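Take a look at the structure set out below.
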Amino acid sequence: MSTLPLSSLTTSAVTTSAATATTQNPTTALLGQVSPALAKAHERLLAQSQTASASISQLGQYKATVSSLASSAKELASVSGDTASAEVMSKVTRLVDAYNEAIQQAKAGTEGRAGQAIAASRRALSSADSTRSQLTQLGLMRQPDGTLKLDTATLQKSLATNPAAAGSALSQLGKTLARRAESELADKGRLAQAGTQSSAWAQGLTQQQGALVTAARKIAQGQASASSGGSGHSADAAQVSASDSPAASTSGSNWATRLALQRYGSAG
């Protein structure tokens with residue numbers, strides 16, 4: 001009869017973010033041999049941890065694109081009617097590329113607080129640019145997906161016809177977008193708050209995984225003591241039969257399982 005050493009149920013195993021599609025997470029498998037209910041709860045925590053990790057990663061990527069947008073917007077804010085046409089074209093192109101990257105990154109979508117913050121940030125950036133007619137005169141056309149398309153011929157014509165007006169409009173566009181992007185990146189802004197909350201969420205999930213392992217170790221100890229008739233084996237040396245069914249568990253172990261699930265918010 002195969003046995004499961006309690007030493008296998010260590011908190012180091014719970015750092016795995018999720019099981020692969022074809023292989024059950026090792027810790028979940030071990031928990032299942034002690035208590036199917038704890039194993040099911042652990043599997044849910046793994047899935048939630050994977051979601052939290054993905055949200056944090058996407059939030060970081062989005063903040064990087066907004067930072068790039070802020071830099072490009074500041075460069076555009078410096079243009080004037082005296083700025084060379086080629087330099088203006090270069091700065092507008094960089095702004096459009098950075099703006100589109102931020103908008104597209106925001107549309108990738110994620111869950112939780114991070115997803116809500118990114119969606120709100122995208123709306124804020126989209127409303128920070130000029131009106132549609134002003135954009136059109138500058139050769140900037142908004143696409144159905146929210147991104148911008150640059151018509152270089154129109155922009156060159158605008159710069160040649162009235163460089164002062166075109167330079168002023170582009171400078172104002174850059175200043176507006178720079179202020180909004182910097183606001184999104186502020187230490188107390190929505191993206192920073194979302195990052196803090198998402199990190200706390202992920203940390204809490206890790207702690208819950210560790211708590212389930214601790215609960216399983218105690219249950220396994222009780223099962224081992226019951227099966228050995230209280231022969232005095234040490235807790236570290238206690239072993240759990242891998243073939244034991246939930247029905248074979250003591251009533252105390254079942255009660256401990258329910259208490260563990262209730263305590264760590266993983267029941268249901």
| Put a dot 7 Å past each Cα toward the Cβ at Q134 and K149; how far apart are the dots in nm? | 2.3 nm
| Each residue of segment 177-186 in order: what ³J(HN,Hα) in whole Hz does its phi give by Karplus 6.51 cos²θ - 1.76 cosθ + 1.60, θ = phi - 60°, with x for Gly and Pro? | 5, 5, 4, 5, 5, 5, 5, 5, 8, 4
| Note, ³J(HN,Hα) from phi for segment 61-68, Karplus 6.51, -1.76, 1.60, rounded to Hz, x at Gly and Pro | 5, 5, 4, 5, 5, 5, 5, 5
| request: Please list, in chain and number order, the residues 5+ apart from L140 or on another chain whose amide H is under 5 Å from its amide H, with Hs placed from the backbone. | output: D151
| message | Explain nothing, just compute: Karplus ³J(HN,Hα) = 6.51 cos²θ - 1.76 cosθ + 1.60, θ = phi - 60°, for every residue of segment 162-169 in order, whole Hz, x for Gly and Pro. | response | 9, x, 5, 5, 5, x, 5, 5
| note | One quarter of the C-alpha convex hull surface, i.e. the mean projected area of segment 57-195 in nm², amounts to 7.5 nm²
| Per the Cauchy relation, a quarter of the hull surface: what is the mean projected area of the convex hull of the alpha carbons in segment 167-223, in nm²? | 4.7 nm²
| message | 7 Å from Cα along Cα→Cβ at both K175 and Q61: what's the point-to-point distance in nm? | response | 3.5 nm
| message | Below 8 Å between Cα atoms, with a sequence gap of 6+, how large is the relative contact order for segment 57-195 in percent? | response | 40 percent
| said: Using 0.36 nm times the number of residues separating T93 and S71, minus their current alpha carbon distance, what extension gain do you get? | reply: 6.6 nm
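Efficiency by 1/(1 + (r/R0)^6): what FRET value for R142 and Q207, r their Cβ-Cβ distance, R0 = 35 Å, to the nearest 0.05?
After rounding, the FRET efficiency stands at 0.15.
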| task | Starting from the amide H of K107, placed 1.01 Å from N in the peptide plane, find each other amide H under 5 Å away whose residue is 5 or more places distant or on another chain. | result | none
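Rule-based calculations on the coordinates, nothing more; no lab input. Being a predicted model, the structure only gives us computed values, none of them experimental. Ideal geometry is used to build each Cβ from the backbone, glycine not excepted, and the neighbour counts take in all protein chains shown.
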